[in-house]
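Peer 1: So that we are looking at the same thing, I have put the structure below in structure tokens.
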Amino acid sequence: MSIIERTKINSLIHQKEGHLTRELLLSPGGFGLGKVPEKNLPDSTTQMVCGFCGTGCNLNIHMKEGEGVCITPTTEYPVNLGMACPKGWEALSVLKSPDRAVSPLVKKSPSHWEPVDWDTALNLFTRKFKGIQQEHGPESVAFLSTGQMVTEEMAFLGALTKFGMGMLHGDGNTRQCMASAVTAYKQSFGFDAPPFTYQDLEESDVLVFVGANPCIAHPIMWERVMRNQCDPEIIVVDPRKTETAMQATQHLQLYPKSDLTLFYGIAQILIERGHIDQEYIREHTDDFEAFSDHVKDFSIQRVVLETGLEPKEIEHFADLIHSGKRVSFWWTMGVNQSYQGVRTAQSLINLALMTGNIGRPGTGPNSITGQCNAMGSRLFSNTTNLLGGHDFLNAEHRAKVAETLSIPIDRIPSENSLPYHKIIEGILAGKIKGLWIICTNPAHSWINQKQVRDILDRLDFLVVQDMYHTTETAQLADLILPAAGWGEKEGTFINAERRIGRVKRVSRAPGQALCDFSIFKLVAQYWGCAEMFSQWKSPEDVFEMMKELTKGQPCDISGIENYAAIEEQGGIQWPYSEAETEPPEQQRRLFTDGQFFHSNGRAKFLFSESTKMPEAPNEHYPFLLLTGRGTASQWHTQTRTRNSDVLQKLYPKSIYVEINPSDASQHSIKPNDWIYIDSQRGRIKARAFVTQSIQPGQLFIPMHYEQTNQLTDAVFDPHSSQPSYKCCAVRVMKY
């Protein structure tokens, strides 16, 4: 490497994307909005999108001498309308954790890492990964990324690894939350296209929530439901009596994973009674007759038997769908994280299509996104799609991307990556020897946790790039690269309703930590492919490339002038092409004209027989374990939320398990007793929470605790490869 090149690298490292030097002034108060000393009162305000869930709330960041000091929600932003959940209020505080990674760390022994400079770290990174590729082939190194980084960083990572470093395999943790919804939309509509806007929550007269608990998981969306002036019917389909179910006008507390049977049975009732939109079906869909034949097998007697619901409950549900003028269907992880998640999502899409509840206000089959930038990951991470929602298997798409990015077309893979679980299996099989994990924590979050930890430990070289050096995955790493977090970088997020929002740097990353974008630039320099990315100078430069890449795509954003325009418009939903002459409306839906993204412009009815639960309760493991979101103050693996003193006070610190009173009595379990929960994969200890919210024979443990995924079973949807976290057989014993 030349002196000039090294000088540029050192300059990049020391610039740290700005000169923000003050400590963040936060005092723990109500949801983090503590008192700021009078001498430190904010002198300016800027706005940006929150970095937690996929809702995409906008926050006012109040600044003092270039540093964010406190947060208030933005009142006029069309997503949250002046509201924020506890995580949003506390978004700045988690940046100042003592657990932050402040320099690159190299493992010297199983429990000891030593700090090194960036030059040493990146020379080690390059030497190890290139050595593995030279010995075992280019497919022996892979990456696992995230739905948490800004879109521009995702695009850079995907291009760097696949075009510059010669990796074929790389997937994102979006596979854990959205893969089934993505696949369902692609197959049914011809593109991954959630059709809704949040305004639909306020305009429906019938809202159906399936496997979703927005009161806890997406509280600002639930606030939008509470603003609904239509006196709506709210139907919740969920095995648990969740906080959302408690607010419903009808709670269908069915047997876990029988929802596909239920929705096929509802379709049969509607068809049999003629309560369908024949004109819409005829003009805009394919394969309805085959679907109609399929659901004839789902009589109400069968639905009652498999779901455990009463006939009158099922018929009332069907009547509400028929009588509603604007019916919307909303689902999240209770559907997606299933061994038959794609077909269940499509059963909801089918109900919307056959009743004409799509493309109009207050309607739609609407998948609620989990992570803050899962939509950005779905379109631009170069994992399941070629950049810009393109297809690795399509020669025309590869040529377009190569020309747009000025790279040789032969650097673009002509085959898809292995999905997440196949990458893990590839490590176990000895085919993948090196792994780069960016901004995700699979040693906590991946299914059958003990197995994945054992597998990751078999790698020749594991690199973890994260804000914190203490994550469960970082503790397995050979090299830890310190990354900046939300609020310490520039870029964009895309939320669940396809709205692109801004992320800004309002705080300086600690120590030697760099934003992921700068780390990728350094990796390209040390790898020797920096020339390929000479135009990738800043996140906004990459955003300009993203605009070009999307031209002619369903997700076309070529009409967005620049970052400033995104802020001025209150975020912009895709599509918004350069052909549009008027400013984008703040609330825009897809399929208003009945035109879908298949070549013939029609949507497809897709279906298959429901399948048996892979691991049902049995004599030795008589309980069915459910997992999911715990409280509004917890987030995923708690990597960030556990670093907020305020948020920690708002949720139980110790792991707990919900158990029905009858089951507790039978096993002599009292409230707050410590009990063992066993599956075929492990044993954990948790406090008993005795409650009627869980049905007899079932247990519930929040996913946020490290121990939970020691129990879950590595089963995957055959169409989406998404893990089925929501059900496995367990037993309980007193501690």
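The values are calculated or read from the model by the stated rules, or taken from the named source; none is laboratory data. Quantities reported herein were computed from a predicted structural model and do not represent experimental measurements. Glycine also receives a Cβ, built like all others from the backbone with ideal geometry; neighbour counts cover every protein chain displayed. What goes into the accessible areas is simple: the full protein's heavy atoms, side chains included, and nothing from ligands, DNA or RNA. Shrake-Rupley method; radii C 1.70, N 1.55, O 1.52, S 1.80 Å.
Peer 1: Roll a 1.4 Å probe over the protein heavy atoms and report the accessible area of E114 in Å², nearest 10.
Peer 2: Ignoring ligands and nucleic acids, E114 comes out at about 80 Å².
Peer 1: Now a separate question. What angle do you read, to the nearest 10 degrees and between 0 and 90, between the alpha-carbon axis of helix 259-272 and the longest principal axis of the chain?
Peer 2: That helix lies at roughly 50 degrees to the long axis.
Peer 1: Per q in 0.21 1/Å, what log10 I(q)/I(0) does a Debye calculation on the alpha-carbon atoms of region 462-512 return?
Peer 2: -0.80
Peer 1: I would also like to ask the following. So who's got an amide H within less than 5 Å of the one on Q573, skipping anything under 5 residues away but keeping other chains? H placed 1.01 Å off N, in plane.
Peer 2: So Q573 has HN proximity to I500.
Peer 1: If packing is taken as the average count of other Cβ atoms within 10 Å, what order do 490-500, 303-313 fall into, highest mean first?
Peer 2: Order by mean packing, descending: 490-500, 303-313.
Peer 1: Cross-link candidates for K670: which aspartates and glutamates have Cα within less than 18 Å, leaving aside residues fewer than 8 places away along the same chain?
Peer 2: E658
Peer 1: Given region 197-324 reduced to its alpha-carbon atoms as identical point scatterers, what log10 I(q)/I(0) does the Debye formula return at q = 0.13, 0.21, 0.22 Å⁻¹?
Peer 2: Taken in order of the listed q values, log10 I(q)/I(0) reads -0.59, -1.24, -1.28.
Peer 1: While we're here: Calculate the FRET efficiency for R687 and H316 from the Cβ-Cβ distance with a Förster distance of 45 Å, rounded to the nearest 0.05.
Peer 2: Given R0 = 45 Å and the Cβ-Cβ separation, E is 0.75.
Peer 1: Quick one: in region 245-288, what % of C-alpha pairs are over 18 Å apart?
Peer 2: Of all Cα-Cα distances in region 245-288, 50 percent exceed 18 Å.
Peer 1: Tell me the accessible surface of S414 in square angstrom (1.4 angstrom probe, heavy atoms of protein chains only), to the nearest ten.
Peer 2: Answer for S414: close to 70 Å² accessible.
Peer 1: Name the residues of region 681-697 whose amide N is less than 16 Å from a point 7 angstrom out from the Cα of N672 along the C-beta direction?
Peer 2: Within reach of a label on N672: 686-691.
Peer 1: Against the longest principal axis of the chain, how steep is helix 539-550, in degrees 0 to 90 to the nearest 10, with axes from Cα atoms?
Peer 2: Once rounded, the angle reads 50 degrees.
Peer 1: Okay, next question. Using alpha-carbon pairs under 8 Å, 6+ residues apart, how would you state the relative contact order of the chain in percent? The partial results should precede the final answer.
Peer 2: Values: 1653 pairs, mean separation 138.9, N = 735.
Dividing the mean separation by the residue count of the chain yields 19 percent.
Peer 1: Rounded to whole Å and sorted largest first, list the principal axis extents of the Cα atoms in region 578-692.
Peer 2: That gives 67, 46, 27 Å along the principal axes, largest extent first.
Peer 1: Taking only protein heavy atoms and a 1.4 Å probe, what accessible area per residue, in Å², does the chain have with all protein chains in place?
Peer 2: With all protein chains present, the chain gives 35 Å² per residue.
Peer 1: Now for a different question. Give the lysines reachable from K431 as a straight Cα distance under 22 Å; neighbours fewer than 8 places away on the same chain don't count.
Peer 2: Result set, ordered by chain and number: K128, K130, K162, K422, K450.
Peer 1: Going by alpha carbons, how many degrees (0 to 90, nearest 10) lie between the helix axis of 3-15 and the longest principal axis of the chain?
Peer 2: Orientation of helix 3-15: about 50 degrees from the principal axis.
Peer 1: Specify the inter-centroid distance of region 446-475 and region 668-693, based on alpha-carbon positions, in whole Å.
Peer 2: When both Cα centres are located, 27 Å separates them.
Peer 1: Would you kindly state how much longer the chain becomes between E561 and N123 on full extension, computed as 0.36 nm times their sequence separation minus their alpha carbon distance, in nm to one decimal?
Peer 2: Here the segment from E561 to N123 would lengthen by 153.8 nm.
Peer 1: Using Cα pairs closer than 8 Å and at least 6 residues apart in sequence, work out the relative contact order for region 295-423, in percent.
Peer 2: Relative contact order of region 295-423: 15 percent.
Peer 1: Based on C-alpha coordinates, I'd like the Rg and Dmax of region 372-427, in Å.
Peer 2: 12.3, 35
Peer 1: Now a separate question. Stretched out fully, how many nm does the piece from K296 to Q595 gain, at 0.36 nm a residue minus the Cα gap? Walk me through the numbers before you get to the answer.
Peer 2: Values: separation 299, 0.36 × 299 = 107.64 nm, distance 2.84 nm.
Taking 0.36 nm per residue and subtracting the Cα distance, the gain is 104.8 nm.
Peer 1: Something else now. Starting from 0 in steps of 10 Å, tell me what percent of the Cα-Cα pairs of region 439-578 lands in each bin.
Peer 2: All Cα pairs considered, the percentages come to 11, 29, 31, 24, 5, 0.
Peer 1: Moving on. With both bridge residues required to lie in region 592-735, what share of the DSSP beta bridges run antiparallel, to the nearest 5%?
Peer 2: Values: 16 of 25 bridges.
For region 592-735, the DSSP antiparallel bridge percentage is about 65.
Peer 1: Sorted by average packing, counted as other Cβ atoms within 10 angstrom per residue and highest first, what order do 94-106, 687-699 take?
Peer 2: 94-106, 687-699
Peer 1: Mind ordering 201-211, 342-352 by average Cβ neighbours within 10 Å, highest first?
Peer 2: My ranking of the peptides, most packed first, is 342-352, 201-211.
Peer 1: So, one more: Between region 589-667 and region 539-587, what is the C-alpha centre distance in whole Å?
Peer 2: Computed from Cα coordinates, the inter-centre distance equals 33 Å.
Peer 1: Could you please state, rounded to a whole Å, how far the C-alpha centre of region 194-216 is from the C-alpha centre of region 135-172?
Peer 2: Result: 34 Å between the Cα centres.
Peer 1: List, in order, the whole-Hz ³J(HN,Hα) value for each residue of region 502-508 obtained from phi through the Karplus relation with A = 6.51, B = -1.76, C = 1.60 and θ = phi - 60°; use x for Gly and Pro.
Peer 2: 8, 10, 10, 8, 10, 8, 8
Peer 1: Each residue of region 721-735 in turn: what ³J(HN,Hα) in whole Hz from Karplus with 6.51, -1.76, 1.60 and θ = phi - 60°, glycine and Pro shown as x?
Peer 2: Per-residue couplings from phi come out as 6, 7, x, 9, 6, 8, 7, 7, 8, 9, 9, 10, 9, 5, 6 Hz.
Peer 1: Between N618 and E289, with labels modelled 7 Å along Cα→Cβ, what's the label distance in nm to one decimal, could you check?
Peer 2: 4.4 nm
Peer 1: I need to check one value: relative contact order of region 363-432, counting alpha carbon pairs closer than 8 Å and at least 6 residues apart, in percent. Could you put the intermediate results ahead of the total?
Peer 2: Working: 48 pairs, mean separation 13.6, N = 70.
So the answer I get is 19 percent.
Peer 1: Using alpha carbon coordinates only, what is the Rg to Rh ratio of the chain, with Rh defined as the Kirkwood radius?
Peer 2: Using only Cα positions, Rg/Rh for the chain is 0.95.
Peer 1: How much accessible surface area, in Å² rounded to 10, belongs to the heavy atoms of H620 with a 1.4 Å probe?
Peer 2: Taking all protein chains as shown, H620 has close to 120 Å².
Peer 1: Need one number: % antiparallel among DSSP beta bridges in the chain, to the nearest 5.
Peer 2: Among the beta bridges of the chain, antiparallel pairing accounts for roughly 50 percent.
Peer 1: Reachable lysines from K87, Cα under 17 Å, same-chain residues fewer than 8 places away excluded?
Peer 2: K96, K649, K653
Peer 1: So, one more: Give me the compactness ratio for region 655-735, meaning the Cα radius of gyration over 2.2 N^0.38 Å.
Peer 2: Relative to the rule-of-thumb radius for its length, region 655-735 sits at 1.12.
Peer 1: Would you kindly derive the ³J(HN,Hα) couplings of region 349-360 from the backbone phi angles with the Karplus curve 6.51 cos²θ - 1.76 cosθ + 1.60 (θ = phi - 60°), listing them in order in whole Hz, with x for Gly and Pro?
Peer 2: Couplings: 4, 4, 4, 5, 5, 6, 9, x, 8, 7, x, 10 Hz.
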